[in-house]
Amino acid sequence: MDQNNNKFLSGVYYDLYHKKRSKTGDSSKTNPGGSGDRKTGSGDDSERLESELKSIIDEFYSKEGISNPRENETKPFAPEEIKAEIEKLVGLNNIKEDIEALMDFVKIQKLRQKHGLKGSNIVLHTAFIGNPGTGKTTVARLMGEYFKALGVLKKGHLVEVTRSDLVGQYVGATAEKTNRIIDKALDGILFIDEAYALATGDDKDFGKEAINILVDRMEKDRERLAVFLAGYEDNMKKFLESNPGLASRVSRKFYFRDYTGTELLQIFQLLMDRNQYTMSDECLKVMEKYFCYLYDTRDSNFGNGRVVRNIFERLVKCQADRLAEENEVTVDMLKSFTIEDIEKAVPVKDIIVTSDKLESVMNELDQYVGLKNIKEHIRSLVNMIKTNQKREELGLPVKQLTYHAIFCGSPGTGKTTIARILGRIYQTLGVLKKGHVVEVDRSGLVAGYVGQTEEKTNKVIDKAIDGILFIDEAYALTGGNNDFGRHAIDTILKRMDDDRERLIVIAAGYTGKMREFINSNPGLKDRFSWTFEFKDYTEKELMDIFLLFAQKQHYTLNENAIKVLEEHFQNVCRLRDDHFGNGRYVRNLFEKVVMEQSSRIGANIENVKRDELSVITENDVSRALLLL
């Protein structure tokens, strides 16, 4: 529309406005004392003038061949349409029920008001509690449309903000920013993500000022504003409890549960449909297994739908990399994800157990030097697990097993190595979802102040969930009555019960001290069902370990070097004490021997032949022994 047309319409509005004023003025003169009649007359005149204005504008648009903006306005959604859209969302069954209950309440209160009955206040402020990617923002937008359709909010738009949008850096800035954001959200929804971040600072933090302004405006503008506070469950609970005014205004809580593996697959399939991708049923089964694995091993920060989106984007990239190598690419190839794309995008091979995976791990166990009694113990444990699984499969009663264990023995006897092997065995047998090992000692669990040890210990345990928590020198946790190590033990014992299906604890240390550790707390005795005794290596086993180190790094020992080493290991085994390092001792000796060999040949490196680079002599060994 050009400038002349705008001037024309402005003139119409101006003339009608003054015409309306003069008519209203005449009416007041005619009825100086009759306020009721004056209002009626004024109302009739207003309606007549508005009708006249509409006719003039419609005629103008028609003559000019311009479409009337009113004709292009989108028809508002009906409540039933919004409800149908909410029902289409994947999962969120409890949220759908909560929304319907809220909307039913709103409808009844509106109906009571319509019939002149006293209705309850419709307060829309709500806490959205749950992990990221659970659909909180999507639900908030749909609820805004729902409120608009029901006539509760005039606009129903969503204004999404975080702490940085509300809090300023200097005095006075926060009030200005927060009020400006709230004004923008009036007649709609103010959605504050990670709302608890407003209360994370000290008393001088400007976030507190934003909260106070928010609480005040939530009350003053309660008929024009819905505030949705979103965030993690524990943080939101503390946040709401930190301010009584906030808690009283946000009495409604929607809990967004994590998506199950099946629901994650549904979201993934929706993403594929929207972006015109497909995959075979076989590939979908692999993806379902992976999504179920992600759900089963999730922690408190699980990303839900965001994780699915990231995986989808990785698949798109892997497919593009694969197709870039092809000479001819068809439409079907452009649309299809393959098992090759999946295996490159996500670690499905690590989590999908095949029939030969357990055999492979057990073969690896057999390659370790010595540890005969440990290997037999593990085989018995594996057979027991497999037998129980078969009984369960056939509907026979099965005694619930616990796998927490004590590893007793001197340093360097393979305790950490065997813990890692066990983790992989448990993963292949389905006992643990991940089977990883988190290694700690007292310093990784115990803090220096009251309350910090429990927090520190819980964080370490959270990392070990679905795997093994390996506590080296565990007896160091048992101090005096006031020692914080006891708090760590109490926390570990509680989590061993609470997370018994997702956590295995292995406590390791010297045999005598570990017995004292177990006897120091009745709860420890009850929970550790297995004891693995790691014996010191014999002189032959120490020699075998040295030769294994040499073989892996392509070194060979001449006969005299072997004799010197055999004699040395005989003396070591005869004289060693409880603190002898076993495998660690051998590794340190090997590193010193290699260093001495390098020093010997390095002096004449230009003339050294290839074979000489790999030979270890008796002189290399003898000089290394002097360094121990």
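The values are calculated or read from the model by the stated rules, or taken from the named source; none is laboratory data. Keep in mind that this is a model prediction, so the values were computed, not measured. All Cβ positions, glycine included, derive from the backbone under ideal geometry; neighbour counts span all protein chains shown. Note: areas computed on protein heavy atoms with side chains; ligands, DNA, RNA excluded. Shrake-Rupley method; radii C 1.70, N 1.55, O 1.52, S 1.80 Å.
Overview of values
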| item | result |
| --- | --- |
| Restraint check, Lys177/Lys456; Lys285/Lys386; Lys54/Lys114; Lys136/Lys220, Cα-Cα greater than 32 Å | Lys177/Lys456 |
| Rounded to 5, percent antiparallel among DSSP beta bridges of segment 90-233 | 0 |
| Surface accessible to a 1.4 Å probe, per residue, for the residues of the chain, Å² | 56 |
| At most 16 other Cβ within 10 Å, DSSP loop - chymotrypsin sites (Phe, Trp or Tyr not before Pro), segment 426-483 | Tyr449 |
| Most positive-pole-ward Cα, Gly435, Pro397, Ile468, against dipole of segment 389-534 from beta carbon charges | Pro397 |
| MRE, 222 nm, helices only [DSSP H, n ≥ 4, -39500 (n - 2.57), over the chain, to nearest 500] | -18500 deg cm²/dmol |
| Simple spin-label estimate for Ser55 and Lys335 in nanometres, 7 Å along Cα-Cβ | 5.8 |
| Dimensions (Å) - segment 151-215, Cα atoms, principal axes, largest first | 41, 21, 17 |
| Residue among Met496, Asn558, Val572 farthest towards the positive dipole end of segment 483-573, charges placed on Cβ | Met496 |
| Computed FRET value (nearest 0.05) for Glu328 with Asp281, which takes r as the C-beta separation and R₀ as 41 Å | 0.95 |
| Exceeding the 31 Å Cα-Cα cut-off - candidates Lys96/Lys494; Lys415/Lys609; Lys349/Lys375 | Lys96/Lys494; Lys415/Lys609 |
| Label corresponding to semi-axes √(5λ) of the Cα gyration tensor in Å when calculated from the structure given, among (1) 73, 31, 25; (2) 51, 36, 26; (3) 42, 34, 23 | (1) |
| Residues Glu559 and Glu591, FRET efficiency given R0 of 22 Å [Cβ-Cβ distance, rounded to 0.05] | 0.50 |
| Charge dipole (the chain, unit charges on Cβ, about Cα centre) - positive-most of Gly305, Ser360, Leu381 | Gly305 |
| Förster radius 30 Å - calculated FRET efficiency between Lys540 and Asp483 (Cβ-Cβ, nearest 0.05) | 0.10 |
| Within segment 425-528, GluC sites (Glu not before Pro) in DSSP loop having at most 14 other beta-carbon neighbours inside 10 Å | Glu501 |
| Ordering of 359-369, 323-333 by packing [mean C-beta count within 10 Å, highest first] | 359-369, 323-333 |
| Inter-label distance for Gln367 and Glu81, nm, one decimal - labels placed 7 Å from Cα along Cα-to-Cβ | 6.5 |
| Cross-link reach list, aspartates and glutamates versus Lys88, counting only Cα pairs under 18 Å and skipping chain neighbours closer than eight places | Glu80, Glu97, Asp98, Glu100, Glu145, Asp258, Glu263, Asp273 |
| Potential lengthening between Tyr255 and Lys220 on full extension [0.36 nm per residue; Cα-Cα distance subtracted] | 9.9 nm |
| Protein accessible area in the chain, 1.4 Å probe - carbon and sulfur % | 48 |
| Relative contact order (%) - criterion: Cα under 8 Å, at least six apart; region: the chain | 9 |
| Label-to-label distance, nm, for residues given as Asp205 and Val123 (7 Å Cα→Cβ offset) | 2.5 |
| Linear extension gain, Glu313 paired with Phe105, 0.36 nm per residue minus alpha-carbon span | 70.7 nm |
